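One structure is given below, encoded as structure tokens.
The values are calculated or read from the model by the stated rules, or taken from the named source; none is laboratory data. Given the structure is predicted, the values throughout are model-derived calculations rather than measurements. Here the Cβ is made from the backbone with ideal geometry for all residues, glycine too, and neighbour counts use every protein chain on show. Just so you know, the surface numbers come from the protein's heavy atoms only, side chains and all, with ligands and any DNA or RNA stripped out. Shrake-Rupley method; radii C 1.70, N 1.55, O 1.52, S 1.80 Å.
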Amino acid sequence: MIKIGLLGLGTVGSGVYSILEKHSENLKSKIGTGLQIEKILVRDVSRQRDIDFDSGLLTDKAEDILDNPEIHLVVELIGGEEPAYQYILKALNNGKSVVTANKLLIAKYGQELMKLAAEKGVSLYFEASVAGGIPIIRPLRESFAANKIERIYGILNGTTNYILTKMTGEGQDLETALKEAQRLGYAESDPGSDISGADAAYKIAILSSLAYETVIDINDVHIEGIENIEPEDIEIARELGYLIKLLAISKFTADGVDIRVHPAFIPENHPLASVSDAYNAIYLHGDSVGDVMLYGQGAGRLPTASAVVADIIQAGKEIYYGSPDINGDIYKNVHKVMDISQVENSFYLRLQVKDKPGVLAKIAEVLGKNQVSLASVIQKHRQNPVVPIVLVTHQVKEENLQKSIAGFKNIGEIVAVNNIIRVEEL
Ligand code: NAP
Ligand code: HSE
């Protein structure tokens, strides 16, 4: 019998509990022995919970699990940095295998935790940390192992994809759509990390680390969120044949790893454009396999629990048969991350200008001086006394675009630069 200590009984923890209950016989036959939840750590043992469970399992003392010699496997579903980090360290140090859905911890401390697990002869699995129910961690480590992964595009945050879908399809505002995403259990306890792009950044950092077998410092990932997306941007994107998605991008280039998270215009006929609601997708290119897209539910109780339980089965087998995960050093290479100023993109710019002759010529002059060439210029309906202008550039280095924006400050007729969004032709 494999004895499990569950840390957390929230959205994902309760999903894991119910799958382990519902499929206990099936899981037993897959592993060769049964799984038993020995204890469950929560913050508040007296809180009413909307699942059927044995409340005698609850504790608010972490040591009941971490120092319990009977427990073989710790499943961390608390989230956040502390105390989750200390709990995982203690579990590994005490010779327990660990399964976690915590992307922040894996993105920040993955190398250290994997090393500790190897030293202690136990396993550490984190399939649910990226893209909820979609298998991507194990495929990157195993199924695509014959490939050099050249690029990854991901829609990796269910909450923001849900919000953008509602803003696009139903004209909802961001706050209303976010409340619904929270009610459905998609958002983080601090939804700021969804909206700001941080959650997706942790995930693309994890995928890039596995794809290129290197450590990606999360501080090197350029991150922008969806806070500034306005209905006008969504509408203009559609007119131009694009959709706006919060895109996580990772490309292996001769100049370093180009890794970033930001809203992007993507062509409306690309497979990623059809990924809506809380669904996630990963579109990657390997030198042997070519293009592959993995699609599924990226957040929510049961989809995420499905990935956690898959890791529990794997870890359970390793505990039962006495063979911990041996995958070598998965962080063995050193690759630098490109500074965003050196990355090339085309850009959409939405400006408000005074309706006077010669304004466009002044804008074109500033752009020309900075080697920014225009693919299109659209003047929208006049809103006296200003006119919204939309510019789409050809491919240009980010630093040249930023110099142009700085140069716009000297053009008195530019009332506002409302938004700048990168255009990814994928
Ligand atoms: P959640 O609903 O907020 O649940 C957190 C659970 O942890 C609760 O049971 C809470 O106890 C317990 N907890 C929190 N802080 C604690 C502390 N200091 N000591 C003891 N227990 C504590 O979170 P969740 O949505 O299930 O997310 C869990 C993890 O899964 C996070 O790392 C998240 O990023 C990841 N994840 C979530 C999803 C998703 O769709 N929700 C998808 C993929 C990955 P109480 O119940 O007493 O408050
Ligand atoms: N808050 C995350 C999301 C949960 O919305 O994608 C899944 O990691």
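For GLU142, are the conditions met, namely being over 23 Å from TYR279 (Cα atoms), outside the structural domain of TYR283 (by TED's automatic domain parsing), acidic (Asp, Glu) and in a helix (DSSP H, G or I)? Judged against the criteria, GLU142 is not a match. Comparison of TYR348, TYR331 shows that the only residue that is part of a loop (DSSP other than H, G, I, E, B), in contact (Cβ under 8 Å) with a residue 12 or more places away in the chain and either open to solvent by less than 30 Å² (accessible area, probe 1.4 Å) or more than 30 Å from ILE2 (Cα to Cα) (or both) is TYR331. The single condition among (1) open to solvent by less than 20 Å² (accessible area, probe 1.4 Å); (2) among the aliphatic types (A, V, I, L, M); (3) closer than 19 Å to TYR321 by Cα that LEU35 does not meet is (1). Collect the residues in region 377-404 that are open to solvent by 20 Å² or more (accessible area, probe 1.4 Å), of a type outside the set (A, V, I, L, M, F, W, C) and in contact (Cβ under 8 Å) with a residue 40 or more places away in the chain, keeping them in residue-number order. Of everything in region 377-404, those that are open to solvent by 20 Å² or more (accessible area, probe 1.4 Å), of a type outside the set (A, V, I, L, M, F, W, C) and in contact (Cβ under 8 Å) with a residue 40 or more places away in the chain turn out to be LYS380, HIS394, GLN395, LYS397, GLU399, GLN402. Within region 282-319, being of a type in the set (Gly, Ala, Ser), crowded, with 22+ Cβ neighbours inside 10 Å and closer than 15 Å to GLY154 by Cβ holds for GLY298, ALA299. Considering only residues of region 70-90 that are within 20 Å of TYR17 (Cα to Cα) and assigned to a helix (DSSP H, G or I), which is farthest from ligand 2 (Cβ to nearest atom)? Top of the filtered list is TYR87. Would you check if there is a residue in region 168-188 being part of a helix (DSSP H, G or I), touching a residue at least 24 places away in the same chain (Cβ under 8 Å) and within 20 Å of TYR283 (Cβ to Cβ)? Yes, region 168-188 has at least one match.
Checking each residue in region 145-167 for being within 14 Å of ligand 2 (Cβ to nearest atom) and assigned to a helix (DSSP H, G or I) picks out GLY158, THR159, THR160, ASN161, TYR162, ILE163, LEU164, THR165, LYS166. Scanning region 200-236 for residues that are open to solvent by 10 Å² or more (accessible area, probe 1.4 Å), among the acidic types (Asp, Glu) and over 24 Å from LYS336 (Cα atoms) yields GLU227, GLU230, GLU232, GLU235. Only a single item in (1) within 16 Å of ligand 1 (Cβ to nearest atom); (2) among the hydroxyl-bearing types (Ser, Thr, Tyr); (3) open to solvent by less than 30 Å² (accessible area, probe 1.4 Å); (4) without any contact (Cβ under 8 Å) to a residue 60 or more places away in the chain is not met by TYR162, and it is number (4).
Please enumerate the residues belonging to region 78-97 that are of a type in the set (D, E, K, R) and either away from ligand 1 (no atom under 11 Å from the Cβ) or at pLDDT below 95 (or both). Within region 78-97, LYS90, LYS96 qualify. Can you tell me which of ASN333, ASN280, ASN327 is within 20 Å of SER209 (Cα to Cα), among the polar types (S, T, N, Q) and at pLDDT 95 or above? The conditions single out ASN280. Checking ILE229, ILE244, ILE204, ILE216 one by one, the residue that is under 19 Å from TYR279 (Cβ atoms) and part of a loop (DSSP other than H, G, I, E, B) is ILE229 and no other.
Screening region 98-136 for residues that are charged (D, E, K, R) and surrounded by fewer than 21 Cβ atoms within 10 Å (Cβ to Cβ) and picking the one that is farthest from ligand 1 (Cβ to nearest atom) gives GLU119. Counted as qualifying within region 1-66 are the helices (runs of 4 or more DSSP H) with 2 or more residues that are touching a residue at least 24 places away in the same chain (Cβ under 8 Å), under 16 Å from VAL99 (Cα atoms) and near ligand 1 (Cβ under 9 Å from one of its atoms), namely 11-22. The residues on offer are GLU180, GLU142, and the sole one that is over 23 Å from GLY10 (Cβ atoms) and more than 10 Å from ligand 2 (Cβ to nearest atom) is GLU142.
Scoring ALA181 on the criteria (1) open to solvent by 40 Å² or more (accessible area, probe 1.4 Å); (2) within 11 Å of ligand 1 (Cβ to nearest atom) leaves a single failure, condition (1). For GLY197, the stated conditions hold: it is at positive phi, within 16 Å of ligand 1 (Cβ to nearest atom) and among the small types (Gly, Ala, Ser).
The set of residues in region 284-316 that are touching a Gly at 6+ places or on another chain (Cβ under 9 Å) and part of a helix (DSSP H, G or I) comprises ARG301, LEU302, PRO303, THR304, ALA305, SER306, ALA307, VAL308, VAL309, GLY316.
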